[in-house]
Amino acid sequence: MVELTICWQPNKQIHSKGPLLACGFRLISCKFTAICCTHSKHTGAPGPSTNGVTYTRWGRTTCPSTQGTQLVYEGTTAGSPYYEAGLADYLCLHKEPEFLQPAAGLQDARARLYGTEYEALHSPPAFSNVFRHDAPCSVCYTPTRGTKITIPGRVTCPASWTKEYHGFLMSNSYHQHRGSRVSVCVDINAESVAGSAAQHVKSLFYFIETTCTGVKCPPYFEGAEITCVVCTK
């Protein structure tokens, strides 16, 4: 509560020249016969919390059941095809799109999106059932944690951090592919889009493996598929 005291003589208000209070009002000391009144102002309730963070769970249509994590939307992974320049990253396309005056047909002066396919040849057993199928995705929100990190080369989080999910880092192949170059963490229990099948015109997910050129071996070794973990705090 903030109190402001104002003093005045009949028909003449006396302005304060005293020190400032912490709240920014001036303290008035009346040394004459005058009428004084006190106005109280209650401060409002604090505003809404700004905590919370969103992240994309690649390869899954649901969010982890970790301490209140919520599903924002589910969708399909898309990106530029492997043989074209275009988008540098992968997108999680909403399954119920909205458009604004779309032009019919493909136009020349455009970037193009294609579904992203698991091109996981010689893959770990966990990915054997999704080889050359399209990858789904989900966008998740954690209302009680405000920071998110993706750690390559780990499947566990640091102490005091919450593990959202773990899996493998994936991106485009290193040869002949000019499309997406970012890496994403694809869930170890990857799912596929229902009804999808192998096609030659696609955006692709490949595993990422290490060399020993500039990477310390051990603890790394030549040809190791890089794991990843998504952590929040």
Exercise. Regarding Glu74, is this residue at pLDDT 95 or above, among the charged types (D, E, K, R) and assigned by TED's automatic domain parsing to the domain that holds Thr144?
Worked result: yes
Problem set entry | Verdict on Ser138 being at pLDDT 85 or above and part of a loop (DSSP other than H, G, I, E, B) | no
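The values are calculated or read from the model by the stated rules, or taken from the named source; none is laboratory data. Since we're looking at a predicted model, the values are computed, not measured.
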